[in-house]
C-alpha cells in the first residue's frame with residue numbers, strides 16, 4: 001500500500017481569504033483604484049456589499065467575473081487567489 005502524507009497541508013479558509021484579498025488589493029493598485037468605495041462604484045455594486053465580500057467572502061460567480069475583468073487579473077493570478085495553484089503543487093509533491 002502506498003504511503004500517504006497525512007497532515008502535511010490543511011486548507012485554511014482564513015488564510016485563503018487573506019491571499020484572495022491581497023490579489024484584489026494588487027489589482028486595485030494597478031488600476032489606480034484607491035478605496036473599496038471606488039471599486040464598488042466601478043463594479044456597479046453597493047459599497048457595503050463589497051466590504052462584506054472582502055471581509056467575509058461569499059462572492060457570487062458573476063461578481064467574481066466582473067472583479068477579474070475589472071482588475072485585469074491574469075490566469076495565474078486567478079489560480080493563486082483561488083488557491084488552485086497552491087493545491088496543485090501539493091498534489092504533485
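Side notes on the structure shown:
- Residue within the stretch 75-85 that is surrounded by 13 or more Cβ atoms within 10 Å (Cβ to Cβ), modelled with pLDDT under 95, under 12 Å from the mean Cα position of the chain (by Cα) and not in a helix (DSSP H, G or I) present: yes
- Residues that are part of a helix (DSSP H, G or I), surrounded by 15 or more Cβ atoms within 10 Å (Cβ to Cβ) and at pLDDT below 95 do not occur anywhere in the stretch 22-29.
- Residues that are over 18 Å from residue 14 (Cα atoms) and surrounded by 13 or more Cβ atoms within 10 Å (Cβ to Cβ), drawn from the stretch 38-55: 38, 39, 40, 41, 42, 43, 45, 47, 49
- Scanning the stretch 42-55 for residues that are assigned to a helix (DSSP H, G or I), touching a helix residue (DSSP H, G or I) at 6+ places or on another chain (Cβ under 8 Å) and without any contact (Cβ under 8 Å) to a residue 24 or more places away in the chain returns 47, 49, 50, 51, 53.
- Looking only at residues in the stretch 27-41 that are within 15 Å of the chain's Cα centre (by Cα) and in contact (Cβ under 8 Å) with a residue 40 or more places away in the chain, the one that is nearest to residue 83 (Cα to Cα) is 27.
- Qualifying residue in the stretch 6-19 (condition: free of Cβ contacts under 8 Å to residues at least 40 places away in the same chain, surrounded by 15 or more Cβ atoms within 10 Å (Cβ to Cβ), within 11 Å of the chain's Cα centre (by Cα) and within 14 Å of residue 82 (Cβ to Cβ)): no
- Of all residues in the stretch 56-73, those satisfying the criterion of being surrounded by 12 or more Cβ atoms within 10 Å (Cβ to Cβ) and either assigned to a helix (DSSP H, G or I) or at pLDDT below 95 (or both) are 57, 59, 63, 64, 66, 67, 68, 70, 71.
The values are calculated or read from the model by the stated rules, or taken from the named source; none is laboratory data. Everything numeric in this text was worked out from a predicted model, so none of it was measured. So basically every Cβ, Gly included, is an ideal-geometry build from the backbone, and we count neighbours across all protein chains shown.
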